[in-house]
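Undergrad: Below is the structure I would like to discuss, written out as C-alpha cells.
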Amino acid sequence: MEKEQILKDVNEIFCDVLDNEDITIDYNTSAPDIEEWDSLSHIQLVVAIEKHFKVRFTASEISGWGNVGEMIDCILSK
Amino acid sequence: MQKGDKFNHTFQVTEDIYQGFINIFNDRNPLHIDTIIAQSKGFASCVMHGNILNGFLSYFIGECLPTKDVIIHRQSILFKKPTYLGDILEFKAEILDFYESVNALEFSFKFIHHERGIVAKGDFQIGIT
C-alpha cells in the first residue's frame, strides 16, 4: 500500500477515534498538535490502526514514534 | 491473560439489586415497576433494568480477573431478551485479542438464562495498568 494512501486511512481513523471530522494530519503531526490526542485516546488510535491494517506493533515500537510519519513507516515495515 | 482465555461467573438479579438500582438511579419507568403495564407490552412481568447487567460486568472486570490493575476503555452491550426479578444468569467471557503494544485486552461476553438463552451479549476492552 502506498504511503499516501496509508496517511489518508490513518487520517480517517484519527477523525473517527478522536470524534473530530476536521482533523487533518501530515507526516510531521504529533500529539501536541491535536487537542484530543491524549494518552487514553492514543490507546484507541493504536488499537484501531492495528485492526485496520491487520498489523501488530510492540510496546517498544510505539514508544519510539515521534510523529505520524514514523507511525506510518512502522506500518509500512510490517 | 491471553487470547482464548475463558471466564465464567454466576449472577442473580436479587430484590436488593433491583431496589438498589431504583433507589440510586431513580429509573422508575413503568416497564420496570408496574407489572400490569409490563404485561400489556407482552412481558411476563416487570422487566429488570438492562444496566443492572452492566453493573454485573463492572463487578466481573473489577473483581473476577486475575489482576486488579485494570481500567475499562470501552464496553458495548446488546440486550436480546428481557431479564426478570430473581433471574440467575450465567456470565461467560472470552479474551478475543491482546494488544501488546498498548497492553490492552478485548473480550466478548454473554449473559445466559437457562431457559431464555442469551439475554445480553457484547464486548469490552480493558487496559492493564
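Undergrad: Determine whether the range B:9-18 contains at least one residue that is over 16 Å from the mean Cα position of the chain (by Cα) and more than 30 Å from B:Leu96 (Cβ to Cβ).
TA: yes
Undergrad: OK, next. For the range B:55-81, what are the residues that are loosely packed, with under 15 Cβ neighbours inside 10 Å and either under 26 Å from A:Ala48 (Cβ atoms) or within 14 Å of chain A (Cβ to nearest Cβ) (or both)?
TA: Listed by number, the residues that qualify are B:Ser58, B:Gly62, B:Thr67, B:Asp69, B:Ile71, B:Ile72, B:Arg74, B:Ser76, B:Leu78.
Undergrad: Could you run through the range B:98-122 and say how many residues are within 14 Å of chain A (Cβ to nearest Cβ), surrounded by 17 or more Cβ atoms within 10 Å (Cβ to Cβ) and out of contact with any Leu (no Cβ under 7 Å at 6 or more places or on another chain)?
TA: Residues in the range B:98-122 being within 14 Å of chain A (Cβ to nearest Cβ), surrounded by 17 or more Cβ atoms within 10 Å (Cβ to Cβ) and out of contact with any Leu (no Cβ under 7 Å at 6 or more places or on another chain): 5 in total.
Undergrad: Hey, another quick one. Got at least one residue in the range A:56-77 being outside any helix (DSSP H, G or I), more than 11 Å from every other protein chain (Cβ to nearest Cβ) and touching a residue at least 24 places away in the same chain (Cβ under 8 Å)?
TA: Checked against the condition, which is being outside any helix (DSSP H, G or I), more than 11 Å from every other protein chain (Cβ to nearest Cβ) and touching a residue at least 24 places away in the same chain (Cβ under 8 Å), the range A:56-77 yields at least one hit.
Undergrad: Can you pull out every residue in the range A:35-52 that is without any contact (Cβ under 8 Å) to a residue 12 or more places away in the chain and within 15 Å of A:Gly66 (Cβ to Cβ)?
TA: Hit for the range A:35-52 is A:His42, nothing else.
Undergrad: Oh, and also: Here are the criteria: (1) farther than 18 Å from B:Gln125 by Cβ; (2) assigned to a helix (DSSP H, G or I); (3) free of Cβ contacts under 8 Å to residues at least 60 places away in the same chain; (4) within 12 Å of the chain's Cα centre (by Cα). Tell me which single one A:Pro32 does not satisfy.
TA: Checking A:Pro32 against (1) farther than 18 Å from B:Gln125 by Cβ; (2) assigned to a helix (DSSP H, G or I); (3) free of Cβ contacts under 8 Å to residues at least 60 places away in the same chain; (4) within 12 Å of the chain's Cα centre (by Cα), the one that fails is (4).
Undergrad: A:Asp22 passes all but one of (1) in contact (Cβ under 8 Å) with a residue 12 or more places away in the chain; (2) assigned to a loop (DSSP other than H, G, I, E, B); which number fails?
TA: (1)
Undergrad: Just give me the residues in the range A:1-19 being part of a helix (DSSP H, G or I) and either among the aliphatic types (A, V, I, L, M) or over 10 Å from the mean Cα position of the chain (by Cα) (or both), in sequence order.
TA: Once the filter is applied, which keeps residues that are part of a helix (DSSP H, G or I) and either among the aliphatic types (A, V, I, L, M) or over 10 Å from the mean Cα position of the chain (by Cα) (or both), the range A:1-19 yields A:Lys3, A:Glu4, A:Gln5, A:Ile6, A:Leu7, A:Lys8, A:Val10, A:Ile13, A:Cys15, A:Asp16, A:Val17.
Undergrad: Check off (1) crowded, with 20+ Cβ neighbours inside 10 Å; (2) assigned to a loop (DSSP other than H, G, I, E, B) for B:Ser45 and give me the number that stays unchecked.
TA: (1)
Undergrad: Mind telling me which of the residues B:Ile88, B:Ile128 ends up being surrounded by fewer than 16 Cβ atoms within 10 Å (Cβ to Cβ), under 30 Å from B:Gln39 (Cα atoms) and of a type in the set (A, V, I, L, M)?
TA: B:Ile88
Undergrad: Can you go through A:Glu21, A:Glu12, A:Glu2 and tell me which one is over 23 Å from B:Gly127 (Cβ atoms) and modelled with pLDDT under 95?
TA: Step by step, each of A:Glu21, A:Glu12, A:Glu2 is checked, and only A:Glu2 is over 23 Å from B:Gly127 (Cβ atoms) and modelled with pLDDT under 95.
Undergrad: Continuing with this model, one more query. Going by the conditions given, is B:Leu53 aliphatic (A, V, I, L, M) and touching an Asp or Glu at 6+ places or on another chain (Cβ under 8 Å)?
TA: The answer is no for B:Leu53.
The values are calculated or read from the model by the stated rules, or taken from the named source; none is laboratory data. In this text, all values refer to a predicted model and were calculated from it rather than measured experimentally. In this analysis, Cβ positions are derived from the backbone assuming ideal geometry, glycine residues included, and neighbour counts consider all displayed protein chains.
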